[in-house]
Amino acid sequence: MTRSQIHIIKASGLKTTFSEQKLRNSLEQSGATETQIESVIREVSGMLHDGISTKKIYRKAYEILRKSSYSQAARYKLKNAIMELGPSGYPFEKYIGAILEEQGFETNVSVETPGRCVTHEIDVVARKNRKVVLVECKFHNRPGVKCDVKIPLYIHSRFRDVVKVEAQNDHNQYDEYEGWIVTNTRFTEDALQYGNCSGMVMIGWDYPRKTSLKHRIGLSGLHPLTCLGSLNRREKDFLLQKGVVLCRHIMKRRDLLGELGLSVSRIDKVLGECNELVHMLGVPAD
């Protein structure tokens, strides 16, 4: 059986044929060198068998990259790193708020806002100039899960309820309101059709193509600290609890690395990896 005939199991449970080109493309997007790419493909090819999961293939590729470059491995694991912001959705909300702040918005996370009918808790409220963005964050910590049409249906209703009150406020200083739905996975076709038709801004892992979550992160260097291979799970959780979610934030908070009890050499290693990620711009791997 040739490699092109081998069936692999995706996170959704669906079968597809193995594509060496897709693996190569994702490695190139992570910044891997040609030598590193050939090494990964050679070792992955040696472990292929019919029915192998994409998770095992990804894990093997990540392990090989990590041996030669933490930063390239970090970019390769970006999608999984965002899932590691869980298990609750709050760190993801903080992460989306941090991304918007880097884009010049003033943000508040988990805001109770009165609507015409009931009070709502909005995940992120972002303001810039005379524009307000109300963001609902749909976080999933398992691959293969999609946001179905029920999500934009109820969020659109909440958005309209809040805007009715805001627009009638005598002290209102904003001219434009937008409702966003941001997810770290994907939307179903029905969800996209309703969301776009109703005027919601739909942002998924790879949707829309040029303004997707993946695209925004890669072109801005806004990687979550869970990407880092130089920190363990306990250390990442400590920083998340301190409100630090971006690698570039760690560069400004060396004192927190000291609080963790890291040696000077480990602190330098962490900061070096952060610095590489912040400046290694370009759309990362899927």
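Before moving on, here are some points about what is shown:
- Sparse-neighbour loop sites [trypsin sites (Lys or Arg not before Pro); segment 91-163; at most 15 other C-beta within 10 Å; DSSP]: Arg116, Arg130
- Per residue, the solvent-accessible area of the chain (1.4 Å probe, heavy atoms of protein chains only, all protein chains present) comes to 50 Å².
- Note on exposure: Val264, Val165, Val270 ranked by accessible area (1.4 Å probe, complete protein assembly) read Val264, Val165, Val270, with the most exposed listed first.
- Sulfur and carbon atoms: percent of accessible area, segment 220-286 [1.4 Å]: 51
- Counting all C-alpha pairs of the chain, share separated by more than 24 Å (%): 55
- Seen from all directions on average, segment 24-65 presents a Cα convex hull projection of 2.7 nm².
- Aspartates and glutamates whose Cα lies under 17 Å from that of Lys10, excluding same-chain neighbours fewer than 8 positions away: Glu20, Asp50, Asp206, Asp286
- Within the chain, DSSP assigns beta bridges of which about 55% are antiparallel (rounded to the nearest 5).
- Here the gap between Ser110 and Arg160, fully extended at 0.36 nm per residue and compared with their Cα-Cα distance, gives a gain of 16.2 nm.
- Measuring with a 1.4 angstrom probe and ignoring ligands and nucleic acids, Asp161 comes out at about 20 Å² accessible.
- Spin-label pair Thr119/Lys22, simplified geometry with 7 Å Cα→Cβ offset, distance in nm: 4.7
- For segment 1-137, the Stokes-Einstein estimate of translational diffusion at 25 °C and a viscosity of 0.890 mPa s comes to 137 µm²/s, using the Kirkwood hydrodynamic radius over alpha-carbon pairs.
- Two-decimal Rg/Rh across segment 205-258, once Rg and the Kirkwood Rh are taken from alpha-carbon atoms: 1.06
- Cα-based Rg and Dmax for segment 120-196, where Dmax is the largest Cα-Cα distance (Å): 13.8, 46
The values are calculated or read from the model by the stated rules, or taken from the named source; none is laboratory data. Everything numeric in this text was worked out from a predicted model, so none of it was measured. As a convention, Cβ positions derive from the backbone with ideal geometry for all residues, glycine included, and neighbour counts pool all protein chains shown. Ligands, DNA and RNA are excluded from the accessible area calculation, which covers all protein heavy atoms including side chains. Shrake-Rupley method; radii C 1.70, N 1.55, O 1.52, S 1.80 Å.
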